[in-house]
Amino acid sequence: MTAADAAPYDTPPPELKRQLQRANRLARWKALGLVAPLLIFLIVTFIVPILSMLTRSVYSPAFGEVLPHLSEAVQNWDGDGIPDEAVFAILVTDMMAARSQRTIGQAATRLNYEVPGTRSLVMRSARRVARLDAPYSESLPALDPRWGEREIWAAIKRVSEPVTPTFYLSALDRTQTADGSIVLNAEEQRLYVQLFWRTLWVSALVMVLCLALGFPIAYLMAHMSSARANLLMILVLLPFWTSLLVRTTAWIALLQTQGVLNDLMVWAGLVSDDGRIQLIYNQIGTIVAMTHILLPFTVLPLYAVMRGIPPSLTRAALSLGATPATAFMRVYLPLTAPGIGAGAVLVFILAVGYYITPALVGGRTGQLISNLIAFHMQESLNWGLAAALGALLLAGVLALYWLYDRLVGIDKMRLG
């Protein structure tokens, strides 16, 4: 037997190759079966709602479905003056049909999103339109002068199209005029941009406060004995074991004008009984309660990073002549950057979407954009505007995530 006869195959035999392929396919199917429940859960509870939100923010076919002939006819209107008698006649016919089908309210609500106050116009006209006589281009404006205004018909033309930028314009405190230009709303109607800035400001301040309070706690836990560190960890995690509603209402009892904190300040002579400080139902209450609730989300990533930093690095810096402050700032602190970044991003993202705490303790000045989103979802039922506000909030969070990845790197994030 020669050396050539004893040499291994350059390629596996066909039968062995087929067996390996079957084994690889089987392994892939097993892996897919293991992750399929989680994948389905993420698709149903995360991907689908986000896609639905993004769709609702730009797609609103209600007006065109309720008044289909008017929607088709008004698209041929050139936008000058008001439409001709034929369009008015189609409007009357569609309104009578929609009222008999009890769907006219949907069209009125959609037009009201575009021009506030027009729901009453459509509903009142739909009740009386059957008693009007031709020519309708005269009788309808006689019933309500707004039917003779170009702005109303321009709005009808816009809402007749299922795809619309209206909700995003409203979310940015802007509106579209009859000639198609985009302008700022009147100053007393500008609300959402201010709320976005307030949300970012409060979230950033809560993030800074959590870092300032959480860093010493994590440092102490990382440099004490295991028994004491475990006890302190229990105290840090205690908020997770208490209902969010209970924690928030506890702050109401502490911070209200007749609460514990004000009573202590009056007893100590810091303030008079008539000069009690308003610490709740404003922005101060929102910041204090959110900082307390979100503090563990900063401590845990910092503690995870600090436990992995060898103490010998700081001692080496001290042995080489560095002062304790220099060793901390130039050796220890840079090594904690992944924990600082992870805690900051986590707290900021959670704070941006907070809803219950600002609703309970925020009052008028402590409300955040999430409270307005909930209002439009639950009370005004303007789901398109709520979806647009949510989409803008999501875009801001993704931008922050991208910025963190560029500056620090997602691969360096440590969450504990």
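The values are calculated or read from the model by the stated rules, or taken from the named source; none is laboratory data. Note that the structure is predicted; figures quoted are calculated from it, not measured. Ideal geometry is used to build each Cβ from the backbone, glycine not excepted, and the neighbour counts take in all protein chains shown. Ligands, DNA and RNA are stripped out before the accessible areas are found, and what is left, the full protein with its side chains, is counted by its heavy atoms. Shrake-Rupley method; radii C 1.70, N 1.55, O 1.52, S 1.80 Å.
Please work out the ratio of the alpha-carbon Rg of the chain to 2.2 N^0.38 Å and round it to two decimals.
My calculation over the Cα atoms of the chain gives 1.45.
Quick one: pull the percent of accessible area on the chain belonging to carbon and sulfur, 1.4 Å probe, ligands and nucleic acids left out.
65 percent
With θ set to phi - 60° and the Karplus curve 6.51 cos²θ - 1.76 cosθ + 1.60, what are the ³J(HN,Hα) couplings of the range 192-206 in order, to the nearest whole Hz, using x for Gly and Pro?
With the stated coefficients, the range 192-206 comes to 6, 4, 4, 5, 4, 5, 5, 4, 5, 5, 5, 5, 5, 5, 4 Hz.
So with the 1.4 Å probe, I'd like the accessible area per residue for the chain, rounded to whole Å². Don't skip to the answer; put the middle values down first.
Details: 23730 Å² over 416 residues.
Per residue, the chain has an accessible area of 57 Å².
Considering the zone a paramagnetic label at A229 would reach in this model (a point 7 Å from Cα along the Cα-to-Cβ line), which residues of the range 321-349 have amide N under 18 Å from it?
332-333, 335-340, by backbone N distance to the label point.
List, largest first, the extents of the alpha carbons of the range 195-283 along their principal axes, each in whole Å.
If we take the Cα atoms of the range 195-283, the spans are 49, 38, 25 Å.
Where does each of 33-41, 206-214 land if you order them by average Cβ count within 10 Å, highest first?
Numbers: 33-41: 9.9, 206-214: 20.4.
Ranked by mean Cβ neighbours within 10 Å, highest first: 206-214, 33-41.
Nearest 500 deg cm²/dmol is fine: what mean residue ellipticity at 222 nm does the chain get from its DSSP H runs of n ≥ 4 alone, each adding -39,500 (n - 2.57), divided by its residue count?
Result for the chain, helices only: -20500 deg cm²/dmol.
Which peptide among 361-368, 77-84, 283-290, 134-141 comes first, and what is the full order, when sorted by highest mean count of other Cβ atoms within 10 Å? Please report the intermediate quantities before stating the final value.
On the way: 361-368: 19.9, 77-84: 13.1, 283-290: 24.1, 134-141: 16.5.
Result, highest mean first: 283-290, 361-368, 134-141, 77-84.
Compute the relative contact order of the range 64-154 as a whole-number percentage, counting only Cα pairs closer than 8 Å that sit 6 or more residues apart in sequence.
31 percent.
If I histogram all Cα-Cα distances within the range 104-239 using bins 10 Å wide from 0, what percent of pairs lands in each bin?
The distribution over the range 104-239 is 10, 25, 19, 12, 10, 11, 8, 4, 1, 0, given as percents.
Would you work out if the range 267-416 is rounded, prolate or oblate? Take a ≥ b ≥ c from the square roots of the eigenvalues of the alpha-carbon gyration tensor; rounded if a/c is under 1.5, else prolate when a/b is larger than b/c, oblate otherwise.
Oblate shape, in that a/c is at least 1.5 and b/c is the bigger or equal ratio.
Taking Cα atoms of the range 15-139, Rg/Rh with Kirkwood Rh, to two decimals? Don't skip to the answer; put the middle values down first.
Numbers: Rg = 26.8 Å, Rh = 18.9 Å.
Rounded to two decimals, Rg over Rh is 1.42.
Given M290, Q278, L372, which one lies farthest toward the positive end of the charge dipole of the chain, if we put +1 on the Cβ of every Lys and Arg and -1 on the Cβ of every Asp and Glu?
Comparing the listed Cα positions along the dipole, M290 ranks first.
Applying a 10 Å radius around every beta-carbon, put 375-387, 164-176 in order of their mean neighbour count, most first.
164-176, 375-387
Amide H to amide H, which residues 5 or more places from R174 or on other chains are under 5 Å from it, using H placed in the peptide plane?
Hits under the 5 Å cutoff: N185.
If one takes the longest principal axis of the Cα atoms in the chain, at what angle in degrees, from 0 to 90 and to the nearest 10, does the Cα axis of helix 85-100 lie?
Relative to the chain, helix 85-100 is tipped by roughly 70 degrees.
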